[in-house]
Structure formats: structure tokens, C-alpha cells
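Shown next, in C-alpha cells, is the structure this report addresses.
The values are calculated or read from the model by the stated rules, or taken from the named source; none is laboratory data. No experiment lies behind these values; they were computed from the predicted model shown. Cβ coordinates were reconstructed from backbone atoms using ideal geometry, including for glycine residues, and neighbour counts include every protein chain displayed. Just so you know, the surface numbers come from the protein's heavy atoms only, side chains and all, with ligands and any DNA or RNA stripped out. Shrake-Rupley method; radii C 1.70, N 1.55, O 1.52, S 1.80 Å.
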There are 2 protein chains.
Amino acid sequence: MAGKGLNPKQTRMMEFIREFDEERGYKPSIRDIQQSCGISSTSVVDYNLRILEREGYIRRDREVARGIELLEGGRRRRASTGVPVLGYIAAGEPIPVLTQESWGSIEPVDVLDLPREFLGKEREVYALRVKGTSMIDALVDDGDVVIVQPVTSIQDGDMVVAWLKVEKEVTLKRIYREGNRIRLQPANASMQPIYVDSENIDVQGKVVAVLRSIK
Amino acid sequence: MAGKGLNPKQTRMMEFIREFDEERGYKPSIRDIQQSCGISSTSVVDYNLRILEREGYIRRDREVARGIELLEGGRRRRASTGVPVLGYIAAGEPIPVLTQESWGSIEPVDVLDLPREFLGKEREVYALRVKGTSMIDALVDDGDVVIVQPVTSIQDGDMVVAWLKVEKEVTLKRIYREGNRIRLQPANASMQPIYVDSENIDVQGKVVAVLRSIK
DNA sequence: CCCCTCAAGGAACGTATGTTCTGCATAGCC
DNA sequence: GGCTATGCAGAACATACGTTCCTTGAGGGG
């Protein structure tokens, strides 16, 4: 199907629709587009919107005010969810504890919109920014963002955020229960596991994703 | 400001607005909400929307059809952009080459909606899924997604996607030009750099972000 | 009991907004 | 020259949609 690319007017319209949506959270009306793109008539906007729809850039719902859906590469975007960034996680400092009750009441520093694919199935996840390189053995570097799902049930092999009481340290490791003690396995297979007493560990949550912005 | 939480009706409304937007790409009208949430009158919807706005869950533009903006944690979501996933990257295989011309014409496998923060300033970035653990020294594991900005100008210290002709290998490393040869430095400081001839390397792009979904 | 607020129902109103129709250029084609 | 497709202009039209007003009913205070 499809054809050549878009002409300048249509490109301008696409850009405007994207920007408008980003700025205001909803789509522009035909007259919004008309004015902002310097188009003389609503019918011209409609005419070009039809083309944009035919070429697969947008989807329109007829008779619906502001009923434009932006498609990306011809397909619908992956569903995403807002994830609150609650603070920092660093080796030497206690982690912000999140209980069922405090959920929602802690003021997020920021909110990231992330594809569901990278989150667990659970809705209630939060994000922490990593300070320092102490968790490099979990393939997590300074400045990374980890997505954490608060403790519910931990299974062997889960990557968890754990507070080691004696060492006064936060760590990210895969966890395995072995009788009375717990084995913490670094993600990097070439590194040795460490063993801790079950009493010495406080599991805060399960890491479901890591994000890194480079340089 | 704010008060207690939302009542069931308001919670239902919030959920509906989110789902509607996700499904159709634009916001519901008051009457859409009325019908789908089993509310008897538009004025009741309006009444509760005012509350949602007062409590900071949404922002409304008066007189504007479907003019609802969803706020998350009281603040606007970070702007995000659709990033096309173009395929796989694996140690033994050539990378899908992306030139200025082929941009836009390659059919993306998928599209991810990502916060701008994790992307470079450039618009034209794409994503590749990583196969295998051969790039673990760059803190990149099997199954990760790397966000790549096509080659423009590479600076010393940039993390790049490089094809080593002789070795027939793709690799992710920080790059440093040292006269006639090139030093490729693993991200993990404990690992040794490798050196290659400038003729032997084909830089495909610059890695601007890494995403990992765990288990 | 009266008065007030919170929550809701029902209907009417006005305008914001998509649609459509008529007309007019320009360009390519046979 | 006719014929058609593309792209634009202007206006009228129909309705989708937010707003507002009038009521009602259940609590709570005095």
C-alpha cells in the first residue's frame, strides 16, 4: 500500500499533532491544526488528514471530536504506564522502605512513562536511581534506574533489592534460599556468590527492570 | 491540599479514562465516561471530574471536547517518543545497517514508547534486541534492548555498536582513537581493553541507552 | 426543625468541532 | 481542447460534547 513520503504540509501537521498531544495531553481539533499550521480551511485539514490516515500515520474515529490516534511505524504504540521515581539507592545508605500503606503517599521525585513490557504484571512498581558503581556485578551502573516491585513473594532466582543489616549495605543480587542461610548470586556469572544468614537480610523488593542512559 | 483517597466511583472513572486512552489513543468524552461507568447523568460525571481535578489526578481544559489530561503522581508525565525495534544484534551476525535513506523504510518489528530522558537529543534512534551474553562486559545481557543512534560523529569515549571485520563480530564498547589504531574499552573497568586497526572496524552507531527486563 | 454540604438525577442550552458541498486553480494525459 | 486527479478556499450544516440550572435526598450541627 502506502506511497511516497509526506509533503511538507503533512509533515508539519504530524509534528504539530505530536507536540500538541505532548503538551496538553489530548489531541488537537481540526481547527487547532488549521490555525497552528497556517492552513486556510478546515476542509484542507480534513483532506490531508485523510491522506495521513490512508498512509498509515494516524487513525481517525469519524464524528468524534479530537478523535485522532497517532500510529508509529504503522502500528499502535505499546501500552505504557507511569512509574514513580521515589529516590536513590546507594550501597551505603538505607533504601526508602515502601509498605502497602505508604504506597501512593510518598511524593515521587519524578514519573517515567514506560512500556508495560519492561514492567512486571503488577501495577505497583516504583523506580530508584542508582548511585555509585557498587552494584556493577549485577550489571547495574551508576546513574541507572531500577524498577522495583515491592516484596510480595520472593522466589529462588529472583533479582532482589536487599539490605544487609550487619554490613549496612544495599545490594542487588539473585537470591537463593539454602536451608538456614541465603546465597546471593551476582548477575555476572564470573563472580563469586556470597552467603548470608537469613536473619541478616531484609528483602525490600524484586527488581523487574533496569534502564540505563549512556553518557 | 488534597484530601483522602478517591471513592469507588472516582477510581472507576480514572481507570476507565486510562484504559480508553490506551485503547483508542484519545480521551473519552463526558458521555463516554457516563455510559461506561454506569453513571446516570453527565452532571454527575462533571461533578466527579471536578473533584479529580481538585485532587490533582487530572487536568481539564474548559470548553474543550475530550480535553482531559492525565497526571501521574500529581505531575505531568515525561514526554516520550516511539522508538522502532528493528531487529536483533548478536555477536556472530552482521547488524542491520541503517543509512539515511533506509530510515523509515525498514519495517520495525515493534515500537517502544520511551521517555525522552533515555534517548539522545536526536529523534532518529532505533532499538535492537540483544541475543546472547557476548556483550556482558559492556553491562549488556541477553534479552536486553539497546537504543542506537545512527553514526553521525563519534567522539572518544562514546559507547558504540561496532562490527569487527576480521573477527566477524559485533561488539559494544567505548571507543578511543589512538593514532592508527583504535582502543575498545569494556564498560566494566575490571576488564582489559582490546585494540584493533582502524581499517578493521565499522562503526554502526552510538548506544544511547540500555533497557533490561529481568526474568 | 431549619440550614448547610455532599452526591446525584434530568433536562435544556450553547458552542466546539467534524462533515460536506460547491467552486477554482494547476498539471498531466490522450 | 476535453478529462481527470490533486490540492486548496469558503461557507453552511449537523451533531458531539461541555456547561448550567433546577430538584431531590441523605447526613450533620445547632
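What the table below lists for this structure:
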quantity: Selection from region B:3-15 of residues that are within 26 Å of residue A:60 (Cα to Cα) and open to solvent by less than 40 Å² (accessible area, probe 1.4 Å); calculated: B:13, B:14
quantity: Criterion: in contact with a Ser or Thr (Cβ under 8 Å, 6 or more places away or on another chain), among the acidic types (Asp, Glu) and either at pLDDT below 85 or closer than 29 Å to residue B:56 by Cα (or both) - qualifying residue of A:117, A:101, A:107, A:167; calculated: A:117
quantity: Residue match in region B:193-202 (condition: free of Cβ contacts under 8 Å to residues at least 24 places away in the same chain and open to solvent by less than 10 Å² (accessible area, probe 1.4 Å)); calculated: no
quantity: Residues located in region A:146-156, provided they are at pLDDT 85 or above and not in a strand (DSSP E or B); calculated: A:155, A:156
quantity: Residues of region B:3-27 satisfying the condition of being more than 10 Å from chain A (Cβ to nearest Cβ) and more than 9 Å from DNA strand C (Cβ to nearest atom); calculated: B:3, B:4, B:6, B:11, B:12, B:13, B:14, B:15, B:16, B:17, B:20
quantity: Within region A:37-63, tally of residues that are within 14 Å of chain B (Cβ to nearest Cβ), buried (at least 16 other Cβ atoms within 10 Å of the Cβ) and near DNA strand D (Cβ under 10 Å from one of its atoms); calculated: 0
quantity: Candidate set from region B:51-64 (those that are assigned to a helix (DSSP H, G or I) and touching a strand residue (DSSP E or B) at 6+ places or on another chain (Cβ under 8 Å)); member that is nearest to DNA strand C (Cβ to nearest atom); calculated: B:52
quantity: Subset of region B:16-35 (residues that are open to solvent by 40 Å² or more (accessible area, probe 1.4 Å) and more than 24 Å from residue A:113 (Cβ to Cβ)); calculated: B:30, B:31, B:35
quantity: Candidate set: region A:28-49, residues that are more than 21 Å from residue B:66 (Cα to Cα) and of a type outside the set (Phe, Trp, Tyr); chosen: the one farthest from DNA strand C (Cβ to nearest atom); calculated: A:38
quantity: Lone qualifier among B:87, B:132, B:143 - being open to solvent by less than 20 Å² (accessible area, probe 1.4 Å), at pLDDT 70 or above and assigned by TED's automatic domain parsing to the domain that holds residue B:175; calculated: B:87
quantity: Complete set of residues in region B:168-186 that are outside any strand (DSSP E or B) and open to solvent by less than 30 Å² (accessible area, probe 1.4 Å); calculated: B:186
quantity: Of the criteria (1) at pLDDT below 85; (2) under 30 Å from residue B:185 (Cα atoms), which one residue B:74 fails; calculated: (2)
